[in-house]
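Asker: Attaching a single structure in structure tokens format; questions to follow.
The values are calculated or read from the model by the stated rules, or taken from the named source; none is laboratory data. What you see is a predicted model, and the numbers here were worked out from it, not measured in a lab. A quick note on method: Cβ atoms are made from the backbone with ideal geometry, for glycine too, and the neighbour counts reach across all protein chains shown. Side chains are part of the model used for accessible areas, which takes the heavy atoms of the whole protein and leaves out ligands, DNA and RNA. Shrake-Rupley method; radii C 1.70, N 1.55, O 1.52, S 1.80 Å.
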Amino acid sequence: MTTFTPLASLAGGALIGLAAVLLMAFHGRIAGMTGILSGLVPPLAADWAWRAAFLAGAILAPAVIVIAFGDVIGFESPMPMGWLIAGGLLVGVGVSFGGGCTSGHGVCGMARLSPRSIVATLVFMASTAATVFVTRHMIGLV
Amino acid sequence: MRNILMALVIGLVFGAGIALSGMANPAKVLNFFDFAGTWDPSLAFVMGGALAVTALGYRLVLRRPAPLLDAAFHLPTSRRIDRPLVAGSAIFGIGWGITGFCPGGAIPALGLGEADAVVFVLSMLAGIALARALRPLLAGRAVARAN
């Protein structure tokens, strides 16, 4: 069980949106984690430096919050190691071919009403929901 | 240099948003998709908040001729709904549904010092490298089929 957190989630979502708007305003870039990460998988993109800086900030922020306010960020990863590795590989392959993930397609692309992003988001949301139904209610994994 | 510092600041905002929203918590993500079980609708609020701010902000920002720290906007121009887009997104969903981690949630989760996030991110990076290696092979097959 996790508790319903509408206010924190809405505020967090607004911050994600603010980051997307700022990255477009300053760098002219889509704030998609897939696109930003891809330039950091060797061979490195020529403009790797801002990508690495964005990544460093994204990793640092939760660490700073935990240091400042204590254990306030919930985290529970229920899947066994083997499934975690298989799922990670699938996510990496999928977002590469699909050209984006929840941040790139789901937030930035949808906000621009990009037809590719709308299709991608509908497909991965449906696929995720179907997978959760299978793992939880058919296989009974978690 | 200024663009690197600014990227760090924007990354901090992104990471704080992910952490606050619950997207870095795999159990919360899985519960959002578990309509038949322990459903937690919180992530709809994440999407709602993020989309509202981004849609509004983009309208203002994209009116300008160029971004503040670069010569031009880098916007995807393709409008083709092709097989890699659909198949790739479906495969991504399977991995997201298994683990509860998506790329934007997993990277900030690294900052929580959780081993599971490290295992997931390393596997995901291997998946990105694998896709890169597969791409020429798949393209070659498509050409062979077309001929």
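Asker: Within the stretch A:130-141, track down each residue that is in contact with a helix residue (DSSP H, G or I) (Cβ under 7 Å, 6 or more places away or on another chain) and crowded, with 18+ Cβ neighbours inside 10 Å.
Answerer: A:Thr131, A:Val132, A:Thr135, listed by residue number.
Asker: In the stretch B:95-127, what residues are β-branched (Val, Ile, Thr) and surrounded by fewer than 24 Cβ atoms within 10 Å (Cβ to Cβ)?
Answerer: Once the filter is applied, which keeps residues that are β-branched (Val, Ile, Thr) and surrounded by fewer than 24 Cβ atoms within 10 Å (Cβ to Cβ), the stretch B:95-127 yields B:Val118, B:Val119, B:Val121.
Asker: Would you pick out the residues in the stretch A:90-112 that are more than 18 Å from B:Phe33 (Cβ to Cβ) and of a type in the set (Val, Ile, Thr)?
Answerer: A:Val93
Asker: Something else about it: Please find, among A:Arg112, A:Arg136, the residue that is closer than 17 Å to A:Ala31 by Cβ and among the charged types (D, E, K, R).
Answerer: Step by step, each of A:Arg112, A:Arg136 is checked, and only A:Arg112 is closer than 17 Å to A:Ala31 by Cβ and among the charged types (D, E, K, R).
Asker: Give just the number: which of (1) surrounded by fewer than 20 Cβ atoms within 10 Å (Cβ to Cβ); (2) part of a loop (DSSP other than H, G, I, E, B); (3) of a type outside the set (Phe, Trp, Tyr) does A:Ile73 not satisfy?
Answerer: (1)
Asker: Given B:Gly104, B:Gly95, which one is within 18 Å of A:Ser117 (Cβ to Cβ), among the small types (Gly, Ala, Ser), out of contact with any strand residue (DSSP E or B) (no Cβ under 8 Å at 6 or more places or on another chain) and not in a loop (DSSP other than H, G, I, E, B)?
Answerer: B:Gly104
Asker: Right, something else. Residues in the stretch A:47-65: is at least one part of a loop (DSSP other than H, G, I, E, B) and either farther than 16 Å from B:Met23 by Cβ or acidic (Asp, Glu) (or both)?
Answerer: Yes; the residues of the stretch A:47-65 include at least one that is part of a loop (DSSP other than H, G, I, E, B) and either farther than 16 Å from B:Met23 by Cβ or acidic (Asp, Glu) (or both).
Asker: Kindly list, by first and then second residue, each pair from a residue in the stretch B:48-59 that is part of a helix (DSSP H, G or I) to a residue that is among the charged types (D, E, K, R) and open to solvent by 40 Å² or more (accessible area, probe 1.4 Å), limited to pairs with Cβ atoms under 7 Å and residues at least 6 apart or on different chains.
Answerer: These pairs meet every condition: B:Tyr58/A:Arg112.
Asker: So which of A:Gly70, A:Gly87, A:Gly74 is within 7 Å of chain B (Cβ to nearest Cβ), small (Gly, Ala, Ser) and free of Cβ contacts under 8 Å to residues at least 60 places away in the same chain?
Answerer: Testing whether each residue is within 7 Å of chain B (Cβ to nearest Cβ), small (Gly, Ala, Ser) and free of Cβ contacts under 8 Å to residues at least 60 places away in the same chain leaves just A:Gly87.
Asker: So is A:Ser38 open to solvent by 20 Å² or more (accessible area, probe 1.4 Å), at the interface with chain B (Cβ under 7 Å from one of its Cβ atoms) and closer than 28 Å to A:Leu18 by Cβ or not?
Answerer: yes
Asker: Right, here's the next one. With A:Gly28, A:Gly17 as the choices, which residue is on the phi > 0 side of the Ramachandran plot and small (Gly, Ala, Ser)?
Answerer: Exactly one of A:Gly28, A:Gly17 is on the phi > 0 side of the Ramachandran plot and small (Gly, Ala, Ser), namely A:Gly28.
Asker: Pick from A:Ala120, A:Ala63, A:Ala58, A:Ala111: which is surrounded by fewer than 18 Cβ atoms within 10 Å (Cβ to Cβ) and either at pLDDT 95 or above or facing chain B (nearest Cβ under 7 Å) (or both)?
Answerer: After applying the criteria, what remains is A:Ala63.
Asker: Out of B:Leu69, B:Leu56, B:Leu43, B:Leu30, I need the residue that is open to solvent by 20 Å² or more (accessible area, probe 1.4 Å), out of contact with any strand residue (DSSP E or B) (no Cβ under 8 Å at 6 or more places or on another chain) and at the interface with chain A (Cβ under 7 Å from one of its Cβ atoms). Which one?
Answerer: B:Leu69
Asker: Now for a separate question. Taking the conditions exactly as written (under 18 Å from the mean Cα position of the chain (by Cα), free of Cβ contacts under 8 Å to residues at least 24 places away in the same chain, closer than 20 Å to A:Val95 by Cβ and surrounded by 17 or more Cβ atoms within 10 Å (Cβ to Cβ)), does B:Phe92 satisfy them or not?
Answerer: yes
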